[in-house]
Amino acid sequence: MIVEVEINREFFSGELADLAKIKNKVGKELRDALELRTTVKLVEPGSLPRFEGKEKRVIDRREGI
């Protein structure tokens, strides 16, 4: 499962090592909460679509199911 996460600019110090730490922490938190492994992809702020109300926020990209 790939999880795209927008990173807030205030958390980015300009160091790639800091991004790696954030990515690893998010991955660990998801693994602990969901009991499954995910691939975390950090994306730029504002790059994910915004939804109003209780819209579907999960995009199922599995094939052949």
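The values are calculated or read from the model by the stated rules, or taken from the named source; none is laboratory data. On a predicted model such as this, the values are computed, not experimentally measured, just so you know. FYI the Cβ positions are ideal-geometry reconstructions off the backbone, even for glycines, and counts take in every protein chain you see.
So, of the residues in the stretch 2-20 that are under 19 Å from L30 (Cα atoms) and either in contact with a strand residue (DSSP E or B) (Cβ under 9 Å, 6 or more places away or on another chain) or among the acidic types (D, E) (or both), which turns out to be surrounded by the fewest Cβ atoms within 10 Å (Cβ to Cβ)?
I2
Would you say K28 is free of Cβ contacts under 8 Å to residues at least 12 places away in the same chain and not in a strand (DSSP E or B)? Let's see the steps before the verdict.
Details: free of Cβ contacts under 8 Å to residues at least 12 places away in the same chain: yes; not in a strand (DSSP E or B): yes.
Considered against the rule, which asks whether it is free of Cβ contacts under 8 Å to residues at least 12 places away in the same chain and not in a strand (DSSP E or B), K28 comes out as yes.
Look at the stretch 12-32 and say how many of its residues are under 14 Å from the mean Cα position of the chain (by Cα) and either closer than 19 Å to M1 by Cα or at pLDDT below 80 (or both). Steps first, answer last, please.
Restricting attention to the stretch 12-32, the residues satisfying the condition of being under 14 Å from the mean Cα position of the chain (by Cα) are 19-31.
When the remaining residues are screened for being either closer than 19 Å to M1 by Cα or at pLDDT below 80 (or both), the result is 20, 22-31.
Of the residues in the stretch 12-32, 11 are under 14 Å from the mean Cα position of the chain (by Cα) and either closer than 19 Å to M1 by Cα or at pLDDT below 80 (or both).
List every residue pair whose Cβ atoms sit under 8 Å apart, with the two residues 6 or more apart in sequence or on different chains, where the first one lies in the stretch 31-49 and is part of a loop (DSSP other than H, G, I, E, B) and the second, anywhere, is among the small types (G, A, S).
Pairs that qualify, where the first residue is part of a loop (DSSP other than H, G, I, E, B) and the partner is among the small types (G, A, S), are R37/G27; T38/G27.
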